[in-house]
Amino acid sequence: MAHMTMGADGLRSVPALLARNASQFGSSSAYREKEYGIWQSWTWAETAKEVEALALGLLNLGVNEGDFIAIIGRNRPYLYWSMVAAESVGAIPVPLYQDAVAEEMEYVLDHCGARFAIVSDQEQVDKVIEVQDRLHQFEHMIYLDPRGLRKYDHTRLHQFSHVQDQGRAAYDEFIKELQARTAKLDYDSTCVMLYTSGTTGKPKGVVLSNRNIIETAKASSEFDSLKVDDEVLAYLPMAWVGDFIFSIGQAYWSGFCVNCPESPETMMTDLREIAPSYYFAPPRVFETQLTQIMIRMEDSGTFKKKTFDYFMAHARKVGPAILDGHNVNAFDRLKYKLGEMMVYGPLKNALGFSNVRVGYTAGEAIGPEIFDFYRSLGINLKQLYGQTEASVFITQQPDGEVRSDTVGVPSPGVEIRIAENGEVFYRSPGVFVEYYKNADSTADTKDAEGWVATGDAGFIEESTGHLRIIDRAKDVGAMADGAMFAPKYVENKLKFYPNILEAVVFGAERDRCCAFINIDLAAVGNWAERNNIAYASYQELAGHQQVLDAIQAHIEEVNASIAQDEMLSGCQVHRFLVLHKELDADDGELTRTRKVRRKIIGEKFEDLVNALYDGSTSVYTETEVTYEDGRKGKIKATLEIRDAKVSPASSQRIAAE
Amino acid sequence: MKDTEGYVTADGRQIGGTLMEMRNITLRFGGVVAIQDISFDIHEGEVRAIIGPNGAGKSSMLNVISGFYTPSEGEVWYKGSKRPPMKPYEVARQGVARTFQNIALFEGMSVLDNVMTGRLTHMNAGVGSQALWWGKARDEEMENREKVERVIDFLEIQNIRKTPVGRLPYGLKKRVELARALAAEPSLLLLDEPMAGMNVEEKEDMSRFILDVNDEFGTTICLIEHDMGVVMDLSDRVVVMDYGKKIGDGTPDEVRNNQDVIDAYLGVPH
C-alpha cells in the first residue's frame, strides 16, 4: 500500500491526492471512457493536466473562492475532473441528478446559489436555461457535448474544451493564483456538497469536508485492501454520495481506475468488457440481473436448463461456505470446480463479474435468495449500511462474516449507539459538517457531541456484534390496536418476488394493512409470453386475472411468513390492488434514488386507499402522469381489489409451544 | 430564371446555391407517363420535400435523382454540370445517398457491418490486401470504422452496434438505414418515406435526427413523406406532385394555401 506519504501537512484535500497520484502512479490509468466504440483512457499524469487546464479556465471565467458550481450529467471523466477542478480553485462542486426535471433543479440551484454550471449536453443546457429567469445569481454554463447547441446564444455558454483551451492559453496569468488557492485547501475546507434525495420534504444540502471524504476513503480502502490496479465501473448517479466516495474518494486515495460506460443503454456490455474488480450496485440492479438470467434460462434448451439447475443447486449448498473458507469435503469441492467450468464461470463472465474481488450492495434490503445466488457463484458480495451524512460508511460486512439479514459491524472509526426508542446513532470522522443554510435541521440531526441520528430503527445482535435494521424509525408506527407497524419490512418481503417491482403497504393508525403492488414488466411480461397471454399495455397486463392470482399467492405466502413473527404479525396484508401505472420519480412517487415516497403516494392515490378500506371490490380512477418531456397526461383505469388470506397470528406459535 | 444565390429561411438559416436541378423531366414506362415535364431545384443545405397522393410519381422522381431511372426526356443538373445517364452506383460515388421505403438492409449482418457498407464508395484497397487484411486495407478499415463510429454515436445506436439487424424493431432498422446513408458522407441525402409505419415516438425521434443531420453536417436532404405534419414542420420548401405533374412548389405555408394542392388532396366535386 502506498500510503506512507501521508505527511503531517500533505494529502489534506482531493487536489493534493491528485498531485500525489500524478507523481506516484503517473503512468497508470485513472479514467477510461468508451467513446466511438473504443475505450479511451487517461493516466493520472494526464488527468492532472486536464484538471489543471480546466481549473485555469474556471479562473479565467471569474470563479471566486466559495462559489458553488453545479455539475449535471451522466458519469463521464470530464465531469469528475470538473469536481476536482472546482475544488482546486476553492469553489464547491454540487453534483445534481441528471434525470431531475427543471423545477427540481431550480430548487437546488436556487438554494445553493450556484453561479456556474457544468453540464453534459443540450438536454441539461435546456433545463438550466428554462429555470434561469428565476435564478438571479446565475452567470456561466459550460457544456460537454456541442451537439445541437451551435445556434444558442454563447455569451454565457461555453464549450468545455474551449474553457480548457482558454485556461491553457492563460497559464502564465493564472497559475500563481491557482497554486495559491489549491495550497489554501485544508482538512476542514469543503470538498463537495451533495443534496439528499429527500424521501420526505425538500432536499437538503449536505456539506462534506475534505476530512470527511479522505478519512472515510482511507478507512474503507484499507478495510477491503483496495489497490492501484483495481477497476470500478462508474454508472450510478454522480449526485449520489456513494458514487462520490467510490469514484473520487477511494479512487483518489487508492489510485485505482474509474471506468465510465458509453451510454446508459450499453452499461451491461461495458460492464462485461471492463470486468471490474470492485463493484457496487443497489439491490435493484442485482434483482434485475437475476430476473433476466432466470428468464433467459427458462427460454433455453432442456440440456442447458438441466445443467444450470443441477449445478446451481450444488452452488447453493456449498458455494457460500467455500467463499467464506469453511471446511467443505473434497468431493463437493471437486463438483464445485466442475460447476465453475460448466456454469458459474461462463455465467459470471456474461454478467461481467469474472474479476469481482469485492462487491457491495446497499440502499435497500436485499432478498436472501438474490444475495445467496450471487454469493454461491463465488462473488464476494457484501452489504453495507450508510447515508450521505456519514460519507456513506456506517457499518459494513467483513469478509467471512456475510449474511443477508445484517448490515455488518461498524466501519473502522465509526461508533454506534442505539437509543431507547431503537433508533440507531453513529459518530465518525465522516460525519457531515452541516446542512447548508439549514441550522435547524443540522441541530435536529447532529448533537453537540457529534452523534448523528440515522432515522432508522435497529438493534445490535449480541452474539456477533452485527447491526440489524428493522425499518425507517419514522415509518415504524402503530396500528389502531397498538400493534407494531413496519411497512418496509413487509414491502421488502414482497419485493423479493421477481414479479413484484414495488410495494407500498398502508396501515398506520388503521385496523389492518392493505397494499399497492407494482408488477415487474420484464418478469411478468416474459411469463405472459410463455403462457400465450396477449396484452397491449402495462395497464392491461397489470389488470389480468392470472397476474392478480399470482400476486395474491405471493401475498399469502408473505402473510404466512409474517405470521411467524410475534411482534409484526399484525402487519399481514388483508387487501391489495395492482396499480395501473409504474411508480415513477418523474411523478414524484419515488425519489431519484428510487425509494418509495409513502406519504405522497398515499395522498395522490387517496381514492384507491379509501377503496382498499371501504370493502369495495373495484375502483375507478384517473391518474395524472408526467411524460419524459414534461408534458402531462391522464391514465384512466378500473382496478380490481382483492382480499388476501391472512394466516392466524402467533397463536400457531403458542400451540406449538 | 432560377436563383442560384440561395435564400434565408423563416427561422433564419442561410441556404446555399443550387445543388441539383431537374429540368423538364419526363419519365415514361411504355405508354404510361409517370412523370410529365417537371422542373424544380434543390439548394445546398435545405430540406426539400416531395409530396403528393399515392401514385403521383414521387418515388419515380426520387429514383430519377438517384440514377435508378434514366428520364425519357429532360436533364438533371448536379453541382453545376449536366449529368449524363449513369448507373446508381456512379451517382452514389458523386455523393448522393438514399434510404428505401421498404427497408433494404442486410438482415443477417450486424448494425456495425451494415453501416460499414455505407463506406464502400470510400474504400479502394485491392482484393489481395483485403483478403489478408494487411497494409492499405487495414488502415482504410480503421479510418472508415472511426467515421462509422461517429455516425453511430450521432444516431445513438451504440447499444445495438453488434446486434444483427434482423433482430431489431422496425423503427430502429429505419435509423440504421439512415446511419448507412450518412456513413457515405453524402452531399445529397434522399429519404424515401422515412416515417412510414412508425408510431408517434419513433416519428419524433426520426424528425429530430433528420433536423440534426441537416443542422450538424449541413447535409442537403430531399425527402418523400406522407405525414403532412412532419413534412410541414421539417422542410424548407415543398414540391407537390399529382398524376405525374407538378401542381405546387414553395414554402410549406405557400403550398398549404395552394388551391390545386388542396383539391388534389381532398378531391374536387365533378
Of A:25, A:470, A:579, farthest towards positive along the dipole that unit charges on Lys, Arg, Asp, Glu beta carbons give chain A: A:25
Convex hull per residue volume in Å³, alpha carbons only, for segment A:283-471: 137
In degrees, nearest ten, helix A:283-299 long axis to first principal axis of chain A (Cα): 60
Cβ-derived FRET efficiency at R0 60 Å, residue A:330 paired with residue A:132, nearest 0.05: 0.30
Charged-residue dipole, Cβ positions (Lys, Arg, Asp, Glu), chain B about Cα centre, Debye nearest 20: 1020
Difference of contour (0.36 nm per residue) and Cα-Cα distance, residue A:39 to residue A:123: 27.8 nm
Relative contact order of segment A:492-597, defined on C-alpha pairs under 8 angstrom at six or more residues apart (%): 30
For segment A:72-91 versus segment A:5-65, the gap between their alpha-carbon centres in whole angstrom: 10
Contact order relative to length of segment A:283-471, as percent, for alpha carbon pairs under 8 angstrom and 6 or more apart: 15
For B:150-159, mean number of other protein chain Cβ atoms within 10 Å: 4
Over segment B:105-185, relative contact order from alpha-carbon pairs under 8 Å, at least 6 apart, %: 55
Estimated 222 nm signal from helices in chain A, with DSSP H stretches of n ≥ 4 weighted -39500 (n - 2.57), rounded to 500: -11500 deg cm²/dmol
Distant-in-sequence amide H partners of residue A:380 (H built 1.01 Å from N, under 5 Å): A:359
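Evaluate 2.2 N^0.38 Å with N set to the residue count of segment A:223-302, then give the Cα radius of gyration divided by it.
That ratio works out to 1.26.
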Dipole of segment B:45-139, positive end: most advanced residue of B:137, B:103, B:88 [Cβ charges, Cα centre]: B:137
If the convex hull is drawn through the Cα atoms of segment B:1-92, its volume per residue in Å³: 113
Lysine pairs within segment A:283-471, Cα separation less than 24 Å, 8 or more sequence positions apart or different chains: 21
Sequence ranges A:238-245, B:83-90, ranked by mean other-Cβ count within 10 angstrom, highest first: A:238-245, B:83-90
Tilt relative to chain A, helix A:302-323 - C-alpha long axis, 0 to 90 degrees, to 10: 70
Cα-based Kirkwood hydrodynamic radius, segment A:543-650, one decimal, Å: 15.5
Lysines with Cα under 18 Å of residue B:174, excluding same-chain neighbours fewer than 8 positions away: B:162, B:203
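May I ask you to order B:41-48, A:52-59, A:548-555, A:291-298 by the average number of other C-beta atoms within 10 Å around their residues, highest value first?
The most tightly packed comes first, giving A:52-59, B:41-48, A:548-555, A:291-298.
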Projected-area average for chain B over all orientations - Cα convex hull basis, square nanometres: 16.4
Segment A:323-346-segment A:106-162 distance, computed between alpha-carbon centres (Å): 54
For segment B:76-120 and segment B:219-265, distance of Cα centres in Å: 25
Dipole-positive endmost among A:36, A:92, A:72 within segment A:16-128 (Cβ charges, Cα centre): A:36
Under 21 Å from residue B:87, Cα to Cα: lysines that are on another chain or at least 8 residues apart: B:58, B:79
Proximal charge balance of residue A:201 [Cβ under 11 Å; K/R count +1, D/E count -1]: +4
log₁₀ of I(q)/I(0) at q = 0.06, 0.07 Å⁻¹ - chain A, Debye sum with one point per alpha carbon: -0.35, -0.49
Assigned charges on the beta-carbon of Lys, Arg, Asp, Glu; the protein assembly as shown dipole about Cα centre (debye): 2300
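Sorted by average packing, counted as other Cβ atoms within 10 angstrom per residue and highest first, what order do A:304-313, A:622-631 take? Spell out each step's value before the answer.
Numbers: A:304-313: 15.0, A:622-631: 11.2.
Highest mean packing first, the order is A:304-313, A:622-631.
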Assigned charges on the beta-carbon of Lys, Arg, Asp, Glu; segment B:105-185 dipole about Cα centre (debye): 240
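Where a number appears in this text, it was derived from the coordinates with a stated rule and is not lab data. These numbers were taken from a predicted model, which means no experiment stands behind them. Here the Cβ is made from the backbone with ideal geometry for all residues, glycine too, and neighbour counts use every protein chain on show.
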